[in-house]
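Worksheet: the structure to be examined is printed underneath.
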Amino acid sequence: MSPAPPAAGGLHRAGPADRARFLLRVLLPGAAEGLIRRRPWAMSLAERLRTDRAAITTLRDLRHRYGPRPLRLSVAGRSLVLLLDPDDLARLLRETPDPFTPASWEKRRALEQFQPHGSLITPGPERAARRRANEEALDSGRPEHRLASALTARIHQEAAAVAERARAGGQLDWDLFAAGWWRSVRRLVLGEAAADDTALIGLLDRLRSTGNWSMLAPRRERLRAAFLDRLRTAIDRADPDSLAGALRAGPAAREHGVDPVHQVPHWLFAFDAAGAATLRTLALLSCHPDREAEVRAETAAPWPGTRREPVAPLPRTRAAVLEAVRLWPTTSVLLRESTRATRWYGTVVPAGTAFAAFTPYFHRAEPPTGYRDRFDPDIWRDGTAAGHPALVPFSAGPAGCPGEQVVLLTAGHWLAGLLAETRYRTVSALRPGPDRPLPATFDHTGLRFTARRA
(Lines give C-alpha, C1' and ligand atoms only; values in the text may rest on other atoms or scores of the structure.)
Protein backbone atom coordinates (compact mmCIF):
# COMPACT_ATOMS: atom_id res chain seq x y z
CA MET A 1 0.00 0.00 0.00
CA SER A 2 1.35 3.42 -0.91
CA PRO A 3 1.74 6.03 1.83
CA ALA A 4 -1.13 8.37 2.45
CA PRO A 5 -0.38 11.98 1.51
CA PRO A 6 0.00 14.47 4.36
CA ALA A 7 -3.27 15.98 5.46
CA ALA A 8 -4.05 19.47 4.25
CA GLY A 9 -5.18 20.30 7.78
CA GLY A 10 -5.69 18.53 11.06
CA LEU A 11 -4.35 15.23 12.31
CA HIS A 12 -4.60 11.76 10.81
CA ARG A 13 -6.12 8.80 12.60
CA ALA A 14 -4.21 5.55 12.30
CA GLY A 15 -6.04 2.73 10.55
CA PRO A 16 -6.76 -0.63 12.26
CA ALA A 17 -3.71 -2.37 10.76
CA ASP A 18 -1.37 0.42 11.85
CA ARG A 19 -2.88 0.48 15.33
CA ALA A 20 -2.20 -3.23 15.59
CA ARG A 21 1.40 -2.79 14.42
CA PHE A 22 1.94 -0.02 16.98
CA LEU A 23 0.53 -2.18 19.75
CA LEU A 24 2.47 -5.33 18.83
CA ARG A 25 5.82 -3.77 17.90
CA VAL A 26 6.05 -0.76 20.22
CA LEU A 27 3.82 -0.98 23.30
CA LEU A 28 3.76 -4.69 24.11
CA PRO A 29 7.53 -5.34 23.92
CA GLY A 30 8.16 -2.39 26.25
CA ALA A 31 5.56 -3.64 28.70
CA ALA A 32 7.07 -7.13 28.59
CA GLU A 33 10.52 -5.78 29.47
CA GLY A 34 9.03 -4.04 32.51
CA LEU A 35 8.31 -0.33 32.47
CA ILE A 36 8.92 0.18 36.21
CA ARG A 37 11.34 -2.65 36.98
CA ARG A 38 13.20 -4.40 34.17
CA ARG A 39 12.78 -8.17 33.88
CA PRO A 40 16.19 -9.73 33.04
CA TRP A 41 14.70 -12.62 31.06
CA ALA A 42 12.59 -10.22 29.00
CA MET A 43 15.53 -7.89 28.40
CA SER A 44 17.63 -10.83 27.19
CA LEU A 45 14.87 -11.95 24.84
CA ALA A 46 14.33 -8.40 23.57
CA GLU A 47 18.04 -8.10 22.78
CA ARG A 48 17.96 -11.32 20.75
CA LEU A 49 14.75 -10.32 18.93
CA ARG A 50 15.93 -6.71 18.39
CA THR A 51 12.57 -5.40 19.50
CA ASP A 52 13.58 -1.73 19.74
CA ARG A 53 14.86 -1.78 16.16
CA ALA A 54 11.49 -3.13 15.04
CA ALA A 55 9.73 -0.40 17.02
CA ILE A 56 11.90 2.35 15.51
CA THR A 57 11.24 1.00 12.01
CA THR A 58 7.51 0.87 12.72
CA LEU A 59 7.40 4.53 13.75
CA ARG A 60 9.52 5.56 10.78
CA ASP A 61 7.02 3.75 8.52
CA LEU A 62 4.10 5.49 10.22
CA ARG A 63 5.74 8.87 9.64
CA HIS A 64 6.30 7.97 5.98
CA ARG A 65 2.69 6.85 5.61
CA TYR A 66 0.88 9.62 7.47
CA GLY A 67 3.36 12.50 7.52
CA PRO A 68 5.18 14.17 10.42
CA ARG A 69 2.16 15.50 12.29
CA PRO A 70 1.00 13.77 15.49
CA LEU A 71 -0.97 10.61 14.81
CA ARG A 72 -4.19 9.83 16.66
CA LEU A 73 -4.84 6.29 17.85
CA SER A 74 -7.14 4.45 20.20
CA VAL A 75 -5.43 1.83 22.36
CA ALA A 76 -7.60 -0.31 24.64
CA GLY A 77 -10.20 2.45 24.67
CA ARG A 78 -7.61 5.09 25.58
CA SER A 79 -7.32 8.11 23.27
CA LEU A 80 -3.65 8.57 22.42
CA VAL A 81 -1.67 11.02 20.31
CA LEU A 82 1.64 9.67 19.01
CA LEU A 83 4.35 12.28 18.32
CA LEU A 84 6.55 11.79 15.25
CA ASP A 85 8.33 15.13 14.83
CA PRO A 86 11.00 16.76 17.03
CA ASP A 87 9.30 20.16 17.10
CA ASP A 88 6.10 18.60 18.42
CA LEU A 89 8.09 16.77 21.10
CA ALA A 90 9.72 20.07 22.05
CA ARG A 91 6.29 21.69 22.41
CA LEU A 92 4.98 18.87 24.60
CA LEU A 93 7.93 19.12 26.97
CA ARG A 94 7.99 22.91 26.95
CA GLU A 95 4.28 23.12 27.87
CA THR A 96 4.54 20.73 30.81
CA PRO A 97 2.86 20.61 33.33
CA ASP A 98 0.13 22.83 31.90
CA PRO A 99 -1.56 21.78 29.75
CA PHE A 100 0.46 18.54 29.49
CA THR A 101 0.87 16.98 32.90
CA PRO A 102 3.38 14.16 33.51
CA ALA A 103 0.88 12.76 36.05
CA SER A 104 -0.92 10.65 33.45
CA TRP A 105 -3.38 8.01 34.61
CA GLU A 106 -1.04 5.16 33.62
CA LYS A 107 1.95 6.70 35.40
CA ARG A 108 -0.04 7.37 38.57
CA ARG A 109 -1.29 3.79 38.67
CA ALA A 110 2.25 2.43 38.40
CA LEU A 111 4.17 4.81 40.65
CA GLU A 112 1.57 5.07 43.41
CA GLN A 113 2.71 1.61 44.45
CA PHE A 114 5.79 3.09 46.13
CA GLN A 115 5.59 6.92 45.93
CA PRO A 116 1.95 8.00 46.16
CA HIS A 117 2.86 11.65 46.74
CA GLY A 118 5.96 12.00 44.58
CA SER A 119 6.29 15.20 42.58
CA LEU A 120 6.26 13.41 39.21
CA ILE A 121 2.72 12.10 39.66
CA THR A 122 1.31 15.04 41.61
CA PRO A 123 -1.36 16.96 39.67
CA GLY A 124 -2.50 20.46 40.47
CA PRO A 125 -1.02 23.14 42.75
CA GLU A 126 0.76 20.78 45.18
CA ARG A 127 3.13 19.76 42.42
CA ALA A 128 5.04 23.05 42.49
CA ALA A 129 6.11 22.73 46.15
CA ARG A 130 7.11 19.08 45.76
CA ARG A 131 9.05 19.82 42.61
CA ARG A 132 10.77 22.74 44.33
CA ALA A 133 11.83 20.48 47.23
CA ASN A 134 13.44 18.07 44.76
CA GLU A 135 15.22 20.82 42.87
CA GLU A 136 16.59 22.37 46.08
CA ALA A 137 17.94 19.08 47.43
CA LEU A 138 19.40 17.96 44.10
CA ASP A 139 20.81 21.38 43.16
CA SER A 140 19.05 21.21 39.80
CA GLY A 141 20.58 23.38 37.12
CA ARG A 142 23.91 23.79 38.89
CA PRO A 143 26.99 22.21 37.26
CA GLU A 144 28.16 20.77 40.59
CA HIS A 145 26.18 19.72 43.64
CA ARG A 146 27.12 21.50 46.85
CA LEU A 147 27.86 18.10 48.44
CA ALA A 148 29.91 16.87 45.48
CA SER A 149 33.11 16.29 47.47
CA ALA A 150 31.36 14.13 50.06
CA LEU A 151 29.40 12.23 47.42
CA THR A 152 32.38 11.46 45.17
CA ALA A 153 34.49 10.28 48.11
CA ARG A 154 31.86 7.59 48.77
CA ILE A 155 31.54 6.76 45.07
CA HIS A 156 35.26 6.14 44.66
CA GLN A 157 35.37 3.94 47.75
CA GLU A 158 32.63 1.67 46.43
CA ALA A 159 33.90 1.65 42.84
CA ALA A 160 37.41 0.77 44.02
CA ALA A 161 36.02 -2.13 46.06
CA VAL A 162 34.12 -3.48 43.05
CA ALA A 163 37.17 -3.13 40.79
CA GLU A 164 39.32 -4.97 43.33
CA ARG A 165 36.84 -7.86 43.52
CA ALA A 166 36.61 -7.92 39.72
CA ARG A 167 40.40 -8.19 39.39
CA ALA A 168 40.53 -10.91 42.02
CA GLY A 169 37.95 -12.99 40.16
CA GLY A 170 39.07 -11.92 36.69
CA GLN A 171 35.55 -10.87 35.74
CA LEU A 172 32.99 -8.11 36.19
CA ASP A 173 29.29 -8.76 35.59
CA TRP A 174 26.03 -7.03 36.40
CA ASP A 175 25.54 -8.77 39.75
CA LEU A 176 28.97 -7.76 41.06
CA PHE A 177 28.59 -4.22 39.77
CA ALA A 178 25.02 -3.84 41.08
CA ALA A 179 25.94 -4.88 44.62
CA GLY A 180 28.53 -2.11 44.86
CA TRP A 181 26.39 0.36 42.95
CA TRP A 182 23.45 -0.01 45.34
CA ARG A 183 25.68 0.22 48.39
CA SER A 184 26.98 3.53 47.07
CA VAL A 185 23.44 4.72 46.26
CA ARG A 186 22.28 4.04 49.81
CA ARG A 187 25.28 5.98 51.15
CA LEU A 188 24.73 8.88 48.73
CA VAL A 189 21.00 9.17 49.33
CA LEU A 190 20.63 8.11 52.97
CA GLY A 191 24.10 8.24 54.50
CA GLU A 192 26.34 5.77 56.29
CA ALA A 193 23.70 4.20 58.54
CA ALA A 194 21.87 2.86 55.45
CA ALA A 195 24.95 1.50 53.65
CA ASP A 196 24.05 -2.15 54.26
CA ASP A 197 20.26 -1.85 54.35
CA THR A 198 19.59 -4.19 51.45
CA ALA A 199 16.14 -4.94 52.87
CA LEU A 200 15.02 -1.39 52.04
CA ILE A 201 15.87 -1.83 48.36
CA GLY A 202 14.32 -5.30 48.44
CA LEU A 203 10.99 -3.81 49.54
CA LEU A 204 11.22 -1.18 46.84
CA ASP A 205 11.97 -3.81 44.18
CA ARG A 206 8.88 -5.80 45.16
CA LEU A 207 6.72 -2.70 44.88
CA ARG A 208 8.28 -1.73 41.54
CA SER A 209 7.60 -5.24 40.21
CA THR A 210 3.95 -4.76 41.16
CA GLY A 211 4.06 -1.41 39.36
CA ASN A 212 4.83 -3.28 36.12
CA TRP A 213 1.24 -4.52 36.31
CA SER A 214 -0.16 -1.12 37.23
CA MET A 215 -3.38 -1.49 35.30
CA LEU A 216 -4.19 -4.88 36.82
CA ALA A 217 -2.46 -5.21 40.18
CA PRO A 218 -4.19 -4.16 43.41
CA ARG A 219 -2.49 -1.75 45.80
CA ARG A 220 -0.08 -3.56 48.13
CA GLU A 221 -0.91 -1.29 51.02
CA ARG A 222 0.85 -3.24 53.78
CA LEU A 223 4.02 -3.69 51.74
CA ARG A 224 4.04 -0.01 50.81
CA ALA A 225 3.53 1.01 54.44
CA ALA A 226 6.43 -1.22 55.52
CA PHE A 227 8.68 0.33 52.87
CA LEU A 228 7.73 3.92 53.68
CA ASP A 229 8.12 3.34 57.44
CA ARG A 230 11.59 1.90 56.93
CA LEU A 231 12.49 4.73 54.58
CA ARG A 232 11.25 7.36 57.04
CA THR A 233 13.53 5.95 59.72
CA ALA A 234 16.45 6.05 57.28
CA ILE A 235 15.72 9.67 56.32
CA ASP A 236 15.47 10.70 59.97
CA ARG A 237 18.96 9.19 60.51
CA ALA A 238 20.44 10.50 57.25
CA ASP A 239 23.76 12.35 57.47
CA PRO A 240 23.63 16.08 56.71
CA ASP A 241 25.99 15.52 53.75
CA SER A 242 23.64 12.99 52.13
CA LEU A 243 20.96 13.85 49.58
CA ALA A 244 18.15 12.99 52.00
CA GLY A 245 19.86 15.16 54.60
CA ALA A 246 19.87 18.04 52.14
CA LEU A 247 16.20 17.44 51.37
CA ARG A 248 15.24 17.27 55.03
CA ALA A 249 17.02 20.56 55.76
CA GLY A 250 15.71 22.46 52.76
CA PRO A 251 13.05 25.15 53.19
CA ALA A 252 10.75 23.67 50.52
CA ALA A 253 10.57 20.38 52.45
CA ARG A 254 8.67 22.24 55.18
CA GLU A 255 6.02 23.61 52.84
CA HIS A 256 2.47 22.36 53.09
CA GLY A 257 1.95 19.03 51.30
CA VAL A 258 5.67 18.17 51.07
CA ASP A 259 6.95 15.13 52.96
CA PRO A 260 10.55 14.03 52.24
CA VAL A 261 9.66 10.36 52.59
CA HIS A 262 7.49 10.61 49.47
CA GLN A 263 10.18 12.27 47.32
CA VAL A 264 13.12 9.93 47.99
CA PRO A 265 11.58 6.74 46.47
CA HIS A 266 11.83 8.21 42.99
CA TRP A 267 15.52 8.99 43.53
CA LEU A 268 16.15 5.36 44.40
CA PHE A 269 14.06 4.27 41.41
CA ALA A 270 16.03 6.55 39.08
CA PHE A 271 19.40 5.32 40.33
CA ASP A 272 18.52 1.84 39.02
CA ALA A 273 18.42 3.20 35.47
CA ALA A 274 21.58 5.21 36.15
CA GLY A 275 23.41 2.01 37.07
CA ALA A 276 22.37 0.41 33.78
CA ALA A 277 23.62 3.47 31.89
CA THR A 278 26.96 3.35 33.74
CA LEU A 279 27.67 -0.28 32.89
CA ARG A 280 26.60 0.24 29.27
CA THR A 281 29.02 3.16 29.09
CA LEU A 282 31.81 0.92 30.35
CA ALA A 283 30.94 -1.57 27.59
CA LEU A 284 31.05 1.16 24.96
CA LEU A 285 34.42 2.43 26.20
CA SER A 286 35.93 -1.06 26.33
CA CYS A 287 34.92 -1.57 22.68
CA HIS A 288 36.09 1.89 21.51
CA PRO A 289 39.78 2.12 22.51
CA ASP A 290 40.24 5.72 21.36
CA ARG A 291 37.32 6.91 23.46
CA GLU A 292 38.47 4.83 26.39
CA ALA A 293 41.91 6.46 26.20
CA GLU A 294 40.30 9.91 26.33
CA VAL A 295 38.30 9.02 29.41
CA ARG A 296 41.27 7.36 31.12
CA ALA A 297 43.36 10.49 30.57
CA GLU A 298 40.60 12.65 32.02
CA THR A 299 40.02 10.44 35.07
CA ALA A 300 43.70 9.86 35.86
CA ALA A 301 43.75 12.59 38.54
CA PRO A 302 44.03 11.34 42.16
CA TRP A 303 40.77 10.24 43.74
CA PRO A 304 39.20 12.42 46.39
CA GLY A 305 40.73 11.43 49.71
CA THR A 306 38.60 13.72 51.85
CA ARG A 307 35.20 15.31 51.61
CA ARG A 308 36.68 18.76 51.12
CA GLU A 309 38.78 18.28 48.00
CA PRO A 310 37.67 19.81 44.67
CA VAL A 311 35.76 17.50 42.33
CA ALA A 312 36.98 17.01 38.76
CA PRO A 313 34.22 17.93 36.28
CA LEU A 314 35.00 15.02 33.86
CA PRO A 315 33.34 16.51 30.74
CA ARG A 316 34.41 13.70 28.38
CA THR A 317 33.24 11.03 30.80
CA ARG A 318 29.89 12.72 31.30
CA ALA A 319 29.51 13.04 27.52
CA ALA A 320 30.10 9.31 27.20
CA VAL A 321 27.34 8.63 29.73
CA LEU A 322 24.95 10.98 27.94
CA GLU A 323 25.70 9.20 24.69
CA ALA A 324 24.97 5.81 26.27
CA VAL A 325 21.59 7.13 27.44
CA ARG A 326 20.90 8.53 23.97
CA LEU A 327 21.63 5.16 22.41
CA TRP A 328 19.63 3.22 25.03
CA PRO A 329 17.16 5.56 26.75
CA THR A 330 16.35 4.65 30.32
CA THR A 331 12.77 5.86 29.74
CA SER A 332 11.55 4.53 26.42
CA VAL A 333 8.20 6.36 26.42
CA LEU A 334 7.70 9.96 27.50
CA LEU A 335 4.06 10.17 28.51
CA ARG A 336 1.90 13.22 29.16
CA GLU A 337 -1.83 13.80 29.60
CA SER A 338 -3.67 16.94 28.54
CA THR A 339 -5.41 18.81 31.34
CA ARG A 340 -7.56 20.79 28.90
CA ALA A 341 -8.38 20.87 25.21
CA THR A 342 -5.39 21.74 23.01
CA ARG A 343 -5.06 22.57 19.34
CA TRP A 344 -2.65 20.71 17.06
CA TYR A 345 -2.49 21.70 13.39
CA GLY A 346 -6.13 22.73 13.33
CA THR A 347 -7.43 19.76 15.31
CA VAL A 348 -8.79 20.28 18.82
CA VAL A 349 -7.67 17.39 21.01
CA PRO A 350 -9.83 16.98 24.13
CA ALA A 351 -8.67 17.06 27.74
CA GLY A 352 -7.65 13.70 29.15
CA THR A 353 -5.83 12.61 25.99
CA ALA A 354 -2.55 10.75 26.41
CA PHE A 355 0.45 12.03 24.42
CA ALA A 356 3.34 9.63 23.82
CA ALA A 357 6.87 10.01 22.45
CA PHE A 358 8.98 6.88 21.88
CA THR A 359 12.47 8.09 22.73
CA PRO A 360 14.49 5.39 20.90
CA TYR A 361 12.82 6.56 17.68
CA PHE A 362 13.68 10.20 18.31
CA HIS A 363 17.24 9.39 19.40
CA ARG A 364 17.98 7.12 16.44
CA ALA A 365 15.73 7.96 13.51
CA GLU A 366 14.31 11.46 13.71
CA PRO A 367 15.95 13.61 12.61
CA PRO A 368 18.16 11.30 10.51
CA THR A 369 21.82 11.87 11.38
CA GLY A 370 25.18 10.28 10.76
CA TYR A 371 25.73 9.48 14.44
CA ARG A 372 22.38 7.82 15.12
CA ASP A 373 23.70 4.23 15.36
CA ARG A 374 27.25 4.90 16.53
CA PHE A 375 28.99 6.05 19.70
CA ASP A 376 29.82 9.73 19.32
CA PRO A 377 30.20 11.50 22.70
CA ASP A 378 31.47 14.64 20.94
CA ILE A 379 27.90 15.63 20.03
CA TRP A 380 27.35 16.49 23.72
CA ARG A 381 30.34 18.83 23.77
CA ASP A 382 30.32 20.59 20.40
CA GLY A 383 26.72 21.85 20.40
CA THR A 384 25.34 19.21 18.03
CA ALA A 385 23.05 17.58 20.59
CA ALA A 386 21.90 20.94 21.94
CA GLY A 387 20.69 21.82 18.44
CA HIS A 388 18.34 18.81 18.21
CA PRO A 389 15.21 19.05 20.39
CA ALA A 390 14.60 15.34 19.86
CA LEU A 391 17.64 14.33 21.96
CA VAL A 392 16.26 14.20 25.50
CA PRO A 393 18.21 11.63 27.55
CA PHE A 394 16.91 13.20 30.78
CA SER A 395 13.67 14.58 29.32
CA ALA A 396 13.54 18.37 29.08
CA GLY A 397 11.51 21.42 29.95
CA PRO A 398 9.88 22.17 33.32
CA ALA A 399 9.48 18.44 34.07
CA GLY A 400 13.00 17.45 33.04
CA CYS A 401 14.85 15.20 35.48
CA PRO A 402 15.83 17.35 38.49
CA GLY A 403 18.61 14.91 39.32
CA GLU A 404 20.40 14.97 35.95
CA GLN A 405 23.59 16.50 37.33
CA VAL A 406 23.64 14.14 40.32
CA VAL A 407 23.26 11.15 38.00
CA LEU A 408 26.06 12.37 35.74
CA LEU A 409 28.28 13.04 38.75
CA THR A 410 27.62 9.54 40.10
CA ALA A 411 28.03 7.71 36.79
CA GLY A 412 31.11 9.69 35.79
CA HIS A 413 32.96 9.10 39.04
CA TRP A 414 31.91 5.45 39.17
CA LEU A 415 33.56 5.03 35.77
CA ALA A 416 36.62 6.90 37.03
CA GLY A 417 36.85 4.55 39.99
CA LEU A 418 36.36 1.40 37.91
CA LEU A 419 38.95 2.42 35.33
CA ALA A 420 41.62 3.72 37.71
CA GLU A 421 43.60 0.50 38.12
CA THR A 422 41.73 -1.96 35.94
CA ARG A 423 41.30 -2.79 32.26
CA TYR A 424 38.13 -4.38 31.00
CA ARG A 425 37.24 -6.28 27.87
CA THR A 426 33.61 -6.96 26.99
CA VAL A 427 33.07 -10.71 26.55
CA SER A 428 29.26 -10.88 26.64
CA ALA A 429 27.41 -12.10 23.58
CA LEU A 430 26.78 -8.59 22.30
CA ARG A 431 29.82 -6.30 22.06
CA PRO A 432 29.01 -2.70 21.02
CA GLY A 433 32.00 -1.96 18.81
CA PRO A 434 32.55 0.52 15.97
CA ASP A 435 32.60 -2.12 13.22
CA ARG A 436 28.80 -2.24 12.82
CA PRO A 437 25.73 -0.14 13.72
CA LEU A 438 25.10 -0.28 17.44
CA PRO A 439 22.09 -2.39 18.46
CA ALA A 440 18.92 -0.61 19.48
CA THR A 441 18.31 -3.05 22.37
CA PHE A 442 21.14 -3.74 24.81
CA ASP A 443 20.56 -5.94 27.88
CA HIS A 444 22.72 -4.49 30.65
CA THR A 445 21.98 -7.44 32.95
CA GLY A 446 23.78 -9.77 30.53
CA LEU A 447 27.00 -7.75 30.35
CA ARG A 448 30.26 -9.51 31.24
CA PHE A 449 33.83 -8.23 31.17
CA THR A 450 37.23 -9.69 31.83
CA ALA A 451 39.10 -7.59 34.38
CA ARG A 452 42.85 -7.30 34.95
CA ARG A 453 45.15 -4.79 36.58
CA ALA A 454 45.98 -1.84 34.31
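The values are calculated or read from the model by the stated rules, or taken from the named source; none is laboratory data. If you're wondering where the values come from, they're calculated on a predicted model, not measured in any experiment. Using ideal geometry, Cβ is built from the backbone for each residue, glycine included, and neighbour counts are taken over all protein chains shown. Heads up: the accessible areas ignore ligands, DNA and RNA and are worked out on the full protein's heavy atoms, side chains in. Shrake-Rupley method; radii C 1.70, N 1.55, O 1.52, S 1.80 Å.
Could you give the size of the charge dipole of the range 175-311 about its Cα centre, using +1 on the Cβ of each K and R and -1 on the Cβ of each D and E, expressed in debye and rounded to the nearest 20?
Values: 19 positive and 18 negative charges, 103 e Å.
Approximately 500 debye in magnitude.
Expressed as a whole number of Å, what is the distance separating the alpha-carbon centroids of the range 418-454 and the range 156-195?
Measuring centre to centre over Cα atoms gives 18 Å.
Throw me the Rg/Rh for the range 244-370, computed over C-alpha atoms with Kirkwood Rh, two decimals.
On the way: Rg = 20.5 Å, Rh = 18.9 Å.
Here Rg/Rh amounts to 1.09.
Let me check something: with ligands and nucleic acids excluded, how do W344, W182 order by accessible area (1.4 Å probe), largest to smallest? Present the calculation step by step, with values, prior to reporting the outcome.
Details: W344 0, W182 35 Å².
Most to least solvent-accessible, the answer reads W182, W344.
Whenever you get a sec, compute what percent of the accessible area on the chain sits on carbon and sulfur atoms (1.4 Å probe). Don't skip to the answer; put the middle values down first.
On the way: 10070 of 18650 Å².
Roughly 54 percent, rounded to a whole number.
Using only the Cα atoms of the range 13-126, build the gyration tensor, take square roots of its eigenvalues as a ≥ b ≥ c, and label the shape rounded, prolate or oblate: rounded if a/c is under 1.5, else prolate if a/b is larger than b/c, else oblate. Provide the component values of the computation, followed by the final result.
On the way: a/c = 2.01, a/b = 1.16, b/c = 1.73.
It comes out oblate by the Cα gyration axes.
Taking the Cα centre of the range 44-175 as the origin and placing charges on Cβ (Lys, Arg +1; Asp, Glu -1), which of Y66, W174, Q115 is farthest toward the positive end of the dipole?
With unit charges placed on the Cβ atoms, the residue in question is Y66.
Hey, can you find the accessible area per residue of the range 321-454 for me, probe 1.4 Å, expressed in square angstrom? Could you put the intermediate results ahead of the total?
Values: 4830 Å² over 134 residues.
Heavy-atom accessible area per residue stands at 36 Å².
Leaving out ligands and nucleic acids, and using a 1.4 Å probe, what accessible area per residue does the range 23-98 come to in Å²? Don't jump to the answer; show the numbers that get you there.
Values: 3540 Å² over 76 residues.
Heavy-atom accessible area per residue stands at 47 Å².
Just grab the label-to-label distance for V348 and A300, each label 7 Å out from Cα along the Cβ direction, in nm (one decimal).
6.6 nm
Can you figure out the FRET efficiency of E192 with H256, using R₀ = 56 Å and their beta-carbon distance, to the nearest 0.05? All intermediate terms of the calculation are to be shown ahead of the outcome.
Details: r = 32 Å, r/R0 = 0.56.
According to the calculation, E is roughly 0.95.
Using heavy-atom solvent-accessible surface (probe 1.4 Å) with all chains present, what is the largest-first order of R109, R60? Kindly include the intermediate steps, with their values, before the conclusion.
Values: R109 65, R60 95 Å².
Correct descending sequence by accessible area is R60, R109.
For the range 128-277, what does the accessible surface come to per residue with a 1.4 Å probe? Please give it in Å². Can you show the working numbers first?
Values: 5930 Å² over 150 residues.
That works out to 40 Å² for each residue.
Put a dot 7 Å past each Cα toward the Cβ at S74 and L430; how far apart are the dots in nm?
3.6 nm
Starting from 0.36 nm per residue, how many nanometres of slack lie between L49 and A217 once their C-alpha separation is accounted for? Mind showing how you got there, number by number?
Numbers: separation 168, 0.36 × 168 = 60.48 nm, distance 2.78 nm.
Stretched out fully, the L49 to A217 stretch lengthens by 57.7 nm.
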